[in-house]
Amino acid sequence: MQPLPAPLVFAPTGFVPSGGCAVAVGNFDGVHLGHAAIVERLRAAARRHGVPAIALTFDPHPASVLRPGGAPQPLTTPARRARLLLDLGLDAVHVQPADRNLMAVGPEAFYADVLRGRMGARAIVEGADFRFGAGRAGDVRLLDTLCGRDGTELEIVPPLVVGGEPVSSSRLRSLVAAGRVREANELATAAYRLTGTVVTGARRGAGLGFPTANLAGIATLLPAAGVYAGRAVVDGTPFAAAVHVGANVSFGETALSVEAHLMGYAGDLYGRSLDVDFLDRVRDTRRFASADDLKAQLARDVAAAAAIAVRLGDRDRNA
């Protein structure tokens with residue numbers, strides 16, 4: 001096996017690696033409740049062995065290496081994914097660069113050289129549908145055989161079923177793509193987030209009395225076109241937001257945009273990175289006959305988004 005590039009390691013300040021670890025391998029996209037169940041069992045295994053609990057994930061998605069353009073659009077950036085996993089109590093998250101060299105490593109070599117060799121895995125925790133190695137040839141049965149040969153503990157966590165269906169990244173992706181962000185959030189460990197750089201737009205919102213932060217460079221899946229209730233944090237202060245995703249059809253535009261009106265914020269965000277959490281859908285995108293009609297609807301959108309942010313914020317605080 002050719003040497004693999006070192007992973008990017010996310011860990012709390014002061015974390016010192018020790019010999020060995022308990023590890024879970026996966027894409028962990030969206031960091032949903034099923035992933036949380038795996039992390040819970042991983043932490044328990046780490047305590048049994050007196051080692052850190054570590055997730056090994058990949059960037060980009062391995063499918064994008066083999067089928068450029070054919071991989072699912074991600075739900076989380078690597079940094080967001082790592083932060084959410086650390087928030088669940090992991091000691092570290094290793095983000096392994098995915099390239100064709102990695103994709104060519106067979107399952108036995110991946111187990112021996114990466115999991116046991118480089119990471120020193122003393123325990124491995126995976127979901128029942130886990131696949132690994134070149135061509136996804138390895139499954140949990142092979143992993144059980146490999147672990148059994150050298151005494152590595154293996155725990156297989158059954159799928160978490162909510163609403164009669166397993167919780168999965170694919171299920172979250174379908175909900176987000178359909179604009180059903182509240183339902184997606186109920187299956188995830190945190191609200192769905194878009195991160196982008198604030199750029200100069202047409203400034204139409206400011207002219208209507210509702211200035212917006214226009215986000216560019218978004219790397220994750222956009223929800224379906226529409227208006228959403230959201231939340232953004234600027235310099236430690238949270239702001240309720242009304243967010244429009246889609247083309248500004250009232251002005252004859254066809255290009256997609258993401259514009260967030262932060263209620264009560266009056267500063268300058270140009271050039272800054274902004275995180276916007278999506279809480280619920282307010283309405284579909286539609287064309288308005290006049291600027292006055294649009295302005296009146298924007299006022300209703302802002303009121304609806306503010307009420308949703310308060311309601312869901314109260315729910316979060318009481319959780």
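Structure above, values below:
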| item | result |
| --- | --- |
| Projected area, mean over directions - the chain, Cα convex hull, nm² | 17.9 nm² |
| For residue 30, distant residues with modelled amide H under 5 Å away | 75, 76 |
| Long-range HN-HN contacts of residue 121 with modeled amide H, under 5 Å | 21, 116 |
| Contact order normalised by residue count of region 1-134, Cα under 8 Å, 6+ apart, percent | 38 percent |
| Sequence-distant residues sharing a close amide H with residue 213 (under 5 Å, placed H) | 260, 261, 262 |
| Qualifying chymotrypsin sites (Phe, Trp or Tyr not before Pro) in region 1-98, DSSP loop, other Cβ atoms within 10 Å at most 14 | 15 |
| Nearest 10 degrees, 0 to 90: helix 33-49 Cα axis against the chain principal axis | 40 degrees |
| Residue among 271, 296, 248 farthest towards the positive dipole end of region 191-318, charges placed on Cβ | 296 |
| Space enclosed by the convex hull of the alpha-carbon atoms of region 73-118, per residue, Å³ | 107 Å³ |
| Theoretical ellipticity at 222 nm over the chain - DSSP helices of four or more residues, -39500 (n - 2.57) apiece, nearest 500 | -9000 deg cm²/dmol |
| Relative contact order (%) - criterion: Cα under 8 Å, at least six apart; region: the chain | 16 percent |
| Residue-wise HN-Hα coupling along region 87-93, computed from phi with Karplus coefficients 6.51, -1.76, 1.60 (Hz; x: Gly, Pro) | 5, 7, x, 6, 7, 6, 10 |
| Residue with peak Gaussian network fluctuation, the chain [Cα springs, cutoff 10 Å], from 142, 222, 75 | 142 |
| Evaluated over region 8-162, the Cα radius of gyration and Dmax, each in Å | 14.6, 42 |
| Volume of the Cα convex hull of region 87-219, divided per residue and given in Å³ | 179 Å³ |
| Charge-dipole axis of the chain as Lys and Arg at +1 and Asp and Glu at -1 on Cβ define it, positive-most pick from 179, 9, 93 | 179 |
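None of the figures in this text is laboratory data; all of them are computed from the coordinates on show. Everything numeric in this text was worked out from a predicted model, so none of it was measured. Methodologically, a virtual Cβ is constructed for each residue, glycine included, from the backbone with ideal geometry; neighbour enumeration extends over all protein chains shown.
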